[in-house]
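Encoded as structure tokens, the structure appears first; notes follow it.
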Amino acid sequence: MISFFRSFFQSKIGLAISFIFLALIAVAFAASDVTGGATFGGVSSESVAEIGGDEISTAELSSTATNAFNQFRQQSPEMDMAAFDAQGGIDSVLEQMIGSYAAAAFGDIIGLGASKRLVDSEISGIQAFKGADGRFDETLFRNALAQQGLTEARVRGDIARGLVSDQLMVPASFGAKMSAQMALPYAGLILEGREGEIAFVPSAAFAPKTAPTDAQLQTFLTRNAARYRIPERRVLRYATFITDRFRDQIKVSDAEIAALYKQRSAEFSATEKRDLEQLIVPTEAAAKAIAAKINGGATMAAAAREAGLEPVDLGLLSKAELTRAASPAVANAVFAASSGTVAAPARSALGWHVVRIDSITAIAGRSLAQVRATLENEIAQDKLRKTVSDFTADLEDRIADGASLADIARDENLTLETSPELLANGQAPGSPDFVPVGAYQAMLPVAFGLEEDAGPQLVEVQQGKEYAIFEVRDIKRAAPPPLAGIRDRVAQDWALAQGLTAGKSLADSIAKSSRTSAELAKAVAGAKVPLPGIEKIATNRQTIMQQQGRVPPPVALMFSMAEGTTKVLEGPNRTGWFVVHLAKINRGDASKVPELLQVTRTQLGEVLADEYSQQLMTAMKAATNVKRNPAAIKRVKDQLTGRTREN
């Protein structure tokens, strides 16, 4: 059914890549994954594609593909770049980039563009560029550009292309609808039921009786390497330290405590707090009228309700706190009134305040002796934080100057430990009982993003309490293990593969002679080897949909067959062949279920909108004369996946 069934968009890769360009710049800066520059990992800067006079360089493709991969790996930590590429990830990134450039080039052809003011607006709206006041901060913007090695021109170009693409693509797909008559047969499919039989021809029945030779197994392993491939593993060497190790260095003097007490004398002196209720109105006249009603005996709630308002309970506040929350005028008026009365209305930036004093509480002052322990602890904590900050900054400087992990561990009296071989998700294939707790939670995300020659790294394990310094000691690229370690498994798979090939002819023969259920039963009974019994199936699409992907493949096959036909389907893991016969189709009538028809129309409308977008993008690529450079694309892929290191 149109693009709804396109396999790419059914895959995790496709779904992830489809959204890359919707927030490319925001993701790049927030996640700090996009890098710029003329080269990437040794790939010289050349063109991988030309679109209407513009070029996409190898460096640009490398950085964007790396960013997409890193985003995807957050959901699938076991994924490596080789698998990402094998599932079409890098190609999909390139096509999205080409689409962005093609849309911009097509926009130029028809006179459509993005103004500087519009691009400025988009940049100012990116959260990563906003300061503490929520406004665009040019310093943050410039620093982010410098940190990422990006030029302002590239950022603006990416945003402008995205804006032009939106102007073209959104109108093309907006409001797409499918008529009820056209949607009716698709809705009817959901109500459809099917009946049939499934026979099975097991590979084990045809497996060789003699054991395979080592040469046969090695050849089989080589041809099926992906089946046994272990994802990339890394060995970490690390040391941890806790900040408590610096506590003995922290000394707090009496003078420091006395100075802090004096600095915060207002906090510790005797004071008065008042329990307050408040209304804010726009005019002085309204405030005075409400105050008069309350002083005349009306409750705060009743007076507020009459004015269409609701009072706010401010709780206990000191004069200084109320000054900060409202204004000096409001605080002076409130603290001049007595308990149980309404203060004279006063103004703040928000309007005129009507405040009732419910009660007055006197807070006794606290002497230096009473708060000494608290102040001493605060000073000690501040000194500890500064000491830790200075120490970690010094460590980073030493690392930058080329100090090794062994040197740092020796100088700081740290104990070095070595991890087992770890996958990106923390599992250790050679140590099933290993649990990646503690420092591993902080180290692993960083470790699997490092290049082979990266120096030691410092990470925070527990905020302000524990740190780890580590290095990647060894990288074992994704590959199948040696035959000796998995010989029994390979031998079993080899036998099943041989049996699978031999059993195919029997399965085909049964299918060819089975045009009815009776003929299928006769063919199975007369087979040259004993076969399992035939399984009868009667189900419908609603049941299939409710199983959410847990449908057995032969049952799913029944829903793509014509009535009275028989097909052969390979079983999982070379276990054998299913012979599937569809005996009867029970048609569904969606015209009697209007709710289902409406839902189907809505869903197919989304599919139709996607189809319009895809067709427009295809047309724009054709109109802008897209030229790809397969050799350059291959070089980028080889570099990213590590194939150049293996050759």
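If I filter region 395-413 down to residues being outside any helix (DSSP H, G or I) and touching a residue at least 40 places away in the same chain (Cβ under 8 Å), which single residue comes out as surrounded by the fewest Cβ atoms within 10 Å (Cβ to Cβ)? For region 395-413, the residue satisfying everything is Gly402.
Here is a yes/no grid of residues against (1) modelled with pLDDT under 90; (2) of a type outside the set (A, V, I, L, M):
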{"site": "Ile242", "(1), (2)": "no, no"}
{"site": "Asp254", "(1), (2)": "no, yes"}
{"site": "Ala285", "(1), (2)": "no, no"}
{"site": "Gly296", "(1), (2)": "yes, yes"}
{"site": "Ala304", "(1), (2)": "yes, no"}
{"site": "Leu317", "(1), (2)": "no, no"}
{"site": "Val342", "(1), (2)": "no, no"}
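Mind counting the residues in region 447-476 that are over 25 Å from Lys386 (Cβ atoms) and either without any contact (Cβ under 8 Å) to a residue 24 or more places away in the chain or assigned to a loop (DSSP other than H, G, I, E, B) (or both)? Step through it out loud before you land on a result.
As a first pass, look at region 447-476 and keep what is over 25 Å from Lys386 (Cβ atoms): 447-455, 471-476.
Subset that is either without any contact (Cβ under 8 Å) to a residue 24 or more places away in the chain or assigned to a loop (DSSP other than H, G, I, E, B) (or both): 448-455.
Qualifying residue count, region 447-476: 8.
Among the residues of region 347-362, those that are of a type in the set (A, V, I, L, M), assigned to a strand (DSSP E or B) and within 51 Å of the chain's Cα centre (by Cα) comprise Val354, Val355.
In region 92-106, what count of residues is obtained for those that are more than 27 Å from the chain's Cα centre (by Cα) and crowded, with 22+ Cβ neighbours inside 10 Å? Counting residues in region 92-106 that are more than 27 Å from the chain's Cα centre (by Cα) and crowded, with 22+ Cβ neighbours inside 10 Å gives 3. In this structure, Phe141 does satisfy being in contact with a Phe, Trp or Tyr (Cβ under 7 Å, 6 or more places away or on another chain) and assigned by TED's automatic domain parsing to the domain that holds Tyr612. Residues in region 130-155 that are crowded, with 17+ Cβ neighbours inside 10 Å and touching a residue at least 40 places away in the same chain (Cβ under 8 Å): Ala144, Gln148, Leu150, Val155. Count of region 451-497 residues, restricted to those that are over 16 Å from Thr219 (Cβ atoms) and touching a Leu at 6+ places or on another chain (Cβ under 6 Å), is 6. Looking only at region 546-574, filter to residues that are under 34 Å from the mean Cα position of the chain (by Cα) and polar (S, T, N, Q); which one of those is farthest from Asn586 (Cα to Cα)? Across region 546-574, the extreme among qualifying residues is Asn573. Look at (1) surrounded by 15 or more Cβ atoms within 10 Å (Cβ to Cβ); (2) assigned by TED's automatic domain parsing to the domain that holds Tyr440 and you find that Leu322 fails only one, number (2).
The values are calculated or read from the model by the stated rules, or taken from the named source; none is laboratory data. Owing to the predicted nature of the structure, the values given are computational and were not obtained by experimental measurement. Because the Cβ atoms are built from the backbone with ideal geometry, glycine has one as well, and the counts that use them run over all protein chains shown.
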